[in-house]
Amino acid sequence: MTITRRDQSTAISLDQLLADWEEQGIRTVLFELPDMHGVARSKLIPLNKVRGYAEKGLNMYGGTVALDSRSFVVPGTKYNEEKNYADQVLIPDLSTAAVVPWLSGTARLICDAYWQDGTPLHAAPRHVLRRVLAELDKLGYEAVIGLEYEFYLLDPMTMTPVFNGLHIFNTSRNLAVPVTERIVELMPQIGIDIITANCEYGPGQFEINYGAHPALRAADLGFTFKNGVKMIARQLGYHATFMTKPFSDQSASGAHTHVSLVSKETGQNAFLDPNDEHGLSRTAYYFTQGMLKHANAAMALMAPTPNCYHRFVPHHFAPSNISWGPEDRSAMIRAKNSRDERTHLENRLPTALSNPYLSIAAVVAAGVLGLRDQELPPAAVAGLAEEHGEFPPLPTTLDEALDALERDEEFRQLLGDEFVEVFTRAKRSELARFKAHVTDWEREEYLEIY
């Protein structure tokens, strides 16, 4: 088996890593695979077995990456019956090595997935993002990404919020439960540099922000952050959920994705032009137009469940149309034109439960197409973009977004046909189960009267 290792130029050597971990008292190592939903699938390896698996690979059922949201095996997703239910081989990326501060004596390695002959599982989210970043690299840019997650903390017995009422930024609510303080304390130990933490608009809803990083690193940290938040909350007796809209009468949770491009030639922010009326360069405008033009297709990755579509309504600080605007929180793309190296674009489409690898891939892929086309976006409008009827509406269901993804040939080519086929098949299976389910609303509405 020949498998090309990646990202090892910046990684510590395996010998040094194992020696360091032994000195630190590490007993076990998680070999983690990000699945299609951004959930960690893993095997726990004793430290004295890590060398063999790191050098030769670790077997795991190949269909794991394409399981649906309830871990069901979905026929026709290329990695199951088509492969005789064969194993994939997990190859750890040593640059992701980290001690897990919320677990005792445990470290982790994020892995990439290959078949026994060395062929990548092209639908694995890390491979998808790498594929897109390679196209951006050809254009002479590196993407820097910041993710801004919102989530709810619930009582695990009742699945109700840990407090009632709307108290955004209220100090007593910020510290009402010990989870946020514990997150702020532990996350820097695994490389996540926390910037701010506060309660958000919904009861029991929080937002915790951390620094921006090169795109693949940002996705790895987003994956680590979300899974870590859930573990920390559970250890303290709470349930953390990144579900987009857990309560019909409360705020939805987003994952605003901040993006800037660094020129590989100059090392400067390619989105900055101090002489422009909005402080934005032509590169920024082209990237913006790409995100607008391919928004319908990208939405399938940024809002990947039926529940997500409850979020996109006017006057709820979430986009409801395909729009952009300087410092406009109602627009799909908010231009953060600080007129210095901090200038960047904020894509406000991604929902909190979106897979960070895939949502970043969608942002960058759309931007790459914009850079290729070199088209300008429509002129910025006065006032809130959500109130302007000339901007086209966003898809209102996952069905529409999946259809758009399949139709957008340029966009799907960047992501890869194998990924799009696996992803859409798995998501349509999930949708079929959703549509077949009789809801509480239906029973309450019809059962007694009819």
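Per-structure values
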| item | result |
| --- | --- |
| Qualifying residue in the range 240-252 (condition: touching a residue at least 12 places away in the same chain (Cβ under 8 Å) and in contact with a His (Cβ under 6 Å, 6 or more places away or on another chain)) | yes |
| Candidates Lys56, Lys78, Lys83, Lys49, filtered to the one that is farther than 28 Å from Met243 by Cα and either open to solvent by less than 90 Å² (accessible area, probe 1.4 Å) or in contact with a Pro (Cβ under 9 Å, 6 or more places away or on another chain) (or both) | Lys83 |
| Residue identified as touching a strand residue (DSSP E or B) at 6+ places or on another chain (Cβ under 9 Å), under 16 Å from Gln88 (Cβ atoms) and modelled with pLDDT under 95 among Leu67, Leu58 | Leu67 |
| Search result, residues across the range 272-289 that are farther than 12 Å from Gly370 by Cβ and either among the aromatic types (Phe, Trp, Tyr) or part of a loop (DSSP other than H, G, I, E, B) (or both) | Asp273, Pro274, Asn275, Asp276, Glu277, His278, Gly279, Ser281 |
| Test: residue in the range 100-116 that is open to solvent by 30 Å² or more (accessible area, probe 1.4 Å), touching a strand residue (DSSP E or B) at 6+ places or on another chain (Cβ under 7 Å) and within 27 Å of Ala426 (Cβ to Cβ) | yes |
| Checklist (1) in contact with a His (Cβ under 8 Å, 6 or more places away or on another chain); (2) at pLDDT 95 or above; (3) open to solvent by 10 Å² or more (accessible area, probe 1.4 Å); (4) not in a helix (DSSP H, G or I) applied to Arg131, failing item | (4) |
| The one condition in (1) within 30 Å of Ala134 (Cβ to Cβ); (2) open to solvent by 20 Å² or more (accessible area, probe 1.4 Å); (3) of a type in the set (Ser, Thr, Tyr) that Tyr309 fails to fulfil | (1) |
| Pair list, Cβ under 7 Å, 6 or more apart: the range 384-397 residue open to solvent by 50 Å² or more (accessible area, probe 1.4 Å), other residue of a type in the set (Asp, Glu) | Leu384/Asp328 |
| Residues satisfying the stated conditions in the range 398-427, i.e. of a type in the set (Lys, Arg) and open to solvent by 80 Å² or more (accessible area, probe 1.4 Å) | Arg407, Arg425 |
| Options Pro203, Pro188, Pro125: the member that is within 22 Å of the chain's Cα centre (by Cα) and under 22 Å from Cys308 (Cβ atoms) | Pro125 |
| Candidates Ala295, Ala300, filtered to the one that is at pLDDT 95 or above, within 20 Å of Gly38 (Cβ to Cβ), surrounded by 21 or more Cβ atoms within 10 Å (Cβ to Cβ) and small (Gly, Ala, Ser) | Ala300 |
| Qualifying strands (runs of 3 or more DSSP E) (wholly inside the range 306-395; at least 2 residues being modelled with pLDDT under 95 and closer than 24 Å to Val144 by Cβ) | 324-326, 333-336 |
| Any pair with Cβ under 9 angstrom, 6 or more apart, that starts in the range 148-166 at a residue that is assigned to a loop (DSSP other than H, G, I, E, B) and ends at one that is among the polar types (S, T, N, Q) | Met159/Thr241; Leu166/Gln250; Leu166/Ser251 |
| Answer residue from the range 263-292, given it is of a type in the set (Ser, Thr, Tyr) and free of Cβ contacts under 8 Å to residues at least 12 places away in the same chain and is most open to solvent (accessible area, probe 1.4 Å) among those | Thr266 |
| Only listed residue being on the phi > 0 side of the Ramachandran plot and over 22 Å from the mean Cα position of the chain (by Cα), chosen from Lys83, Lys78, Lys49 | Lys78 |
| Residues (open to solvent by 40 Å² or more (accessible area, probe 1.4 Å), within 16 Å of Lys226 (Cβ to Cβ) and not charged (D, E, K, R)) located in the range 146-193 | Val184 |
| Single unsatisfied condition, Asp87 versus (1) among the acidic types (Asp, Glu); (2) within 17 Å of Phe419 (Cβ to Cβ); (3) in contact with a strand residue (DSSP E or B) (Cβ under 8 Å, 6 or more places away or on another chain) | (2) |
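So that you can scan it fast, the table gives a plain yes or no per residue for (1) part of a loop (DSSP other than H, G, I, E, B); (2) free of Cβ contacts under 8 Å to residues at least 24 places away in the same chain; (3) in contact with a helix residue (DSSP H, G or I) (Cβ under 7 Å, 6 or more places away or on another chain):
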{"residue": "Ser71", "(1), (2), (3)": "yes, yes, no"}
{"residue": "Val89", "(1), (2), (3)": "no, no, no"}
{"residue": "Ser95", "(1), (2), (3)": "no, no, no"}
{"residue": "Gln116", "(1), (2), (3)": "yes, no, no"}
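The values are calculated or read from the model by the stated rules, or taken from the named source; none is laboratory data. Every value quoted in this text rests on a predicted model; they were computed, and no experiment measured them. Cβ atoms come from the backbone with ideal geometry, glycine included; neighbour counts cover every protein chain shown. Only protein heavy atoms, including side chains, enter the accessible area calculation; ligands, DNA and RNA are left aside. Shrake-Rupley method; radii C 1.70, N 1.55, O 1.52, S 1.80 Å.
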